[in-house]
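A.B. asks: One structure follows; several queries about it will come next.
The values are calculated or read from the model by the stated rules, or taken from the named source; none is laboratory data. Bear in mind the structure is a predicted one, so any value in this text is a computation, not a measurement. Note that each Cβ is placed from the backbone with ideal geometry, even for glycine, and that neighbours are counted across all protein chains shown. Heavy atoms of the whole protein, side chains included, go into the accessibility calculation; ligands, DNA and RNA do not. Shrake-Rupley method; radii C 1.70, N 1.55, O 1.52, S 1.80 Å.
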Amino acid sequence: MISVLGDIEAMQKLGGRLRQERLRRNWSQQDLAGMVGITLPTYRKIEKGDGSVEFRHVARTLGVLGYQEALGEIIAESPPEVRLKDLLAPERK
């Protein structure tokens, strides 16, 4: 297992949250699919958590809903790697 949630469960959770956001805005699935530029069956797969949907479609859906910044923050930026030889190197003047 990749995480506490398996990949299927994680996709279903994301799809459910996308559905909640769509309904909160009082948009139909067809409305959102049109805004994203995908077919209704493809959008329905996203809400179901179907992992066969292209990632770019999920990313565009997140963007339309205003979560483009959150998408870029899924993986935290890691600090630069510190190597022992760099620490022991003489200081440059």
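A.B. asks: If you place +1 on the Cβ of every Lys and Arg and -1 on the Cβ of every Asp and Glu, how big does the dipole about the Cα centre of the chain come out, in debye to the nearest 20?
C.D. replies: Computed charge dipole of the chain: roughly 180 debye.
A.B. asks: Also: Could you give the length gained on full extension between Ile75 and Arg24, defined as 0.36 nm per residue of separation minus the Cα-Cα distance, in nm?
C.D. replies: Additional length available on full extension: 15.7 nm.
A.B. asks: Ignoring ligands, DNA and RNA, what percent of the 1.4 Å accessible area of region 1-65 is carbon and sulfur?
C.D. replies: Here it works out to 54 percent.
A.B. asks: Running a GNM on the chain with Cα contacts under 10 Å, which residue among Glu54, Glu73, Glu21 ends up with the highest mean-square fluctuation?
C.D. replies: Glu73
A.B. asks: Counting each DSSP H run of 4 or more residues in the chain as -39500 (n - 2.57), what helix-only mean residue ellipticity at 222 nm follows after dividing by all residues, to the nearest 500 deg cm²/dmol?
C.D. replies: -17000 deg cm²/dmol
A.B. asks: Quick check for you: with a 1.4 Å probe and neighbouring chains kept, what is the accessible area per residue of region 1-70, in Å²?
C.D. replies: Accessible area per residue, region 1-70: 66 Å².
A.B. asks: So, one more: Please pull out the direction-averaged projected area of the chain, using the convex hull of its alpha-carbon atoms, in nm² to one decimal place.
C.D. replies: Hull-based average projected area comes out at 9.8 nm².
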